[in-house]
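Read through the structure below, which is laid out as structure tokens, and then see the notes.
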Amino acid sequence: MRQHRYSFLIRPLQIILDYLLIVAVLYFTPEKEFINPFFVAYILVFWMISSYFTGYYKVYRFTRFLRLLTLIVRHFFVFALGFFAFFSVFKEGVVVNGQFITIVGIFIGIIFSKLLSFFLLRYYRDLGNNYRKVVILGDDDSTRRIKNLFRNQKNLGYKYLGFFTDKKQARKLGTIRSSFGFIVENQVDEVYCSLKELDNKILKEITLFANTHHINLKLIPDSNKLYSKNRNIEYYDDTLVVLNVKKLPFEFPENLFIKRCLDIVFSLLVCIFILSWLVPILWVLVRLESKGPLIFKQQREGLNGNQFVCYKFRSMKLNKLSDKVHATANDSRVTKIGGVLRKTSMDELPQFFNVLRGDMSIVGPRPHLQSLSIEYQKDVDNYLKRHVVKPGITGLAQVSGYRGEIKKKSDIKNRVRLDIFYIENWSFLLDIKIILMTVLNVFKGEEKAY
């Protein structure tokens, strides 16, 4: 039997299929005097934006049919408003035929596709495919109910392996703490925890374990427990409630897609309108002052700790310490033109090529040398969390004043703290804000830019 290996492709394929259906309906519309590239682009972009805000594609294996219908109605209400708004704004005063036929055609095609994929997936999972391995920690009425749900509703695609509890039970797999080894050995995908049986101490251990091993953690609440802001409620049937520990923003493919689009568009603009004329000018200025290449290359740590070649405009004389020691105030290695480049952060501009290559992002934790990274790991808890995203040309820590030389432990601790805050609270608007703050700091000048 095949596991959920390709589950991450389900949502992108559904989006592509919906786009193809929309284009097909527009192509076969009988009266299509309003069909043009601008209208098609508008419809496709609005479809994606509206689906993001209505949660149209947030359909999971436990999603109920009634919930699916609610998503469809809500999304098409918003989409219909955007569809007819096009004619109000761009075709005002013009009689446009075929609007109603087009929107109905899109509606019917998409609904048929949505329902078909929903029931086909359930049938496919009912045959034992695309399953997720699950275990339960704890034994009470709520865990027994969800255990029965996994056993009786095979079409949800859950493979129940057993439960762990510290109570004396004949059929248990072991104690709560013994579950950790079992979960890793059997590649368990989701862990369901009873909040009634587990205390806060063991729950923190389980949460840390789940985050470290990229395991989905679900909490089965006790009615006397308060819900936390980092958990949201999921209904597996009419009465069974499960608390889902919310994922980080970058665990959602759509957020990665949005961030990558921003990276590509912004980087291309910088390369075309700034670097295209700046590079030859700097090549002359840098070479006049000191021998050596214009571009300085250095190994840095990137996504998941992997090494990549980071590009910068060379701001120092050639020296043997460039890969070991950061620049300090009044550093004799820094050239005159290099001092200007570093003060204005222009030396970082070649990293937009790193962004286009996919090694970096415009916004993210700054990449460190491996030697310094090993040193920082000893002093800072959760330092390695920075590696779950691509490093950035700029970041929240940098615009908050924590950039440049690390003089004391609190400098790197505050930098990591802000990096982790960024990772856990990312949004498109936060990236835009950091970019704007970076541009303002370039003109304003920064005290630690040396």
(Q) Condition first: open to solvent by 20 Å² or more (accessible area, probe 1.4 Å) and at pLDDT 80 or above. Can you find one or more residues in region 232-240 that meet it? (A) no
Q. Could you say whether any residue in region 374-387 is crowded, with 20+ Cβ neighbours inside 10 Å and out of contact with any helix residue (DSSP H, G or I) (no Cβ under 6 Å at 6 or more places or on another chain)?
A. no
Q: Determine whether SER178 is among the polar types (S, T, N, Q), at pLDDT 80 or above, open to solvent by less than 60 Å² (accessible area, probe 1.4 Å) and touching a Leu at 6+ places or on another chain (Cβ under 8 Å).
A: no
Q) In this structure, is GLN169 open to solvent by 50 Å² or more (accessible area, probe 1.4 Å), under 12 Å from VAL134 (Cβ atoms) and part of a loop (DSSP other than H, G, I, E, B)? A) no
Q. Of everything in region 151-161 that's part of a helix (DSSP H, G or I) and more than 29 Å from the chain's Cα centre (by Cα), which residue is nearest to ARG61 (Cα to Cα)?
A. LYS154
Q) For region 401-450, which residues satisfy the criterion of being at pLDDT below 80 and polar (S, T, N, Q)? A) SER410
Q: Would you be able to tell me the number of residues in region 326-375 that are of a type outside the set (A, V, I, L, M, F, W, C), touching a residue at least 60 places away in the same chain (Cβ under 8 Å), farther than 20 Å from LEU269 by Cα and not in a loop (DSSP other than H, G, I, E, B)?
A: 5
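The values are calculated or read from the model by the stated rules, or taken from the named source; none is laboratory data. Since this is a predicted model, take the numbers as computed values, not measurements. Positions of Cβ are generated from backbone atoms using ideal geometry, with glycine treated the same way; all protein chains shown enter the neighbour counts. Quick note on the areas: whole protein, heavy atoms, side chains included, nothing else; ligands and nucleic acids left out. Shrake-Rupley method; radii C 1.70, N 1.55, O 1.52, S 1.80 Å.
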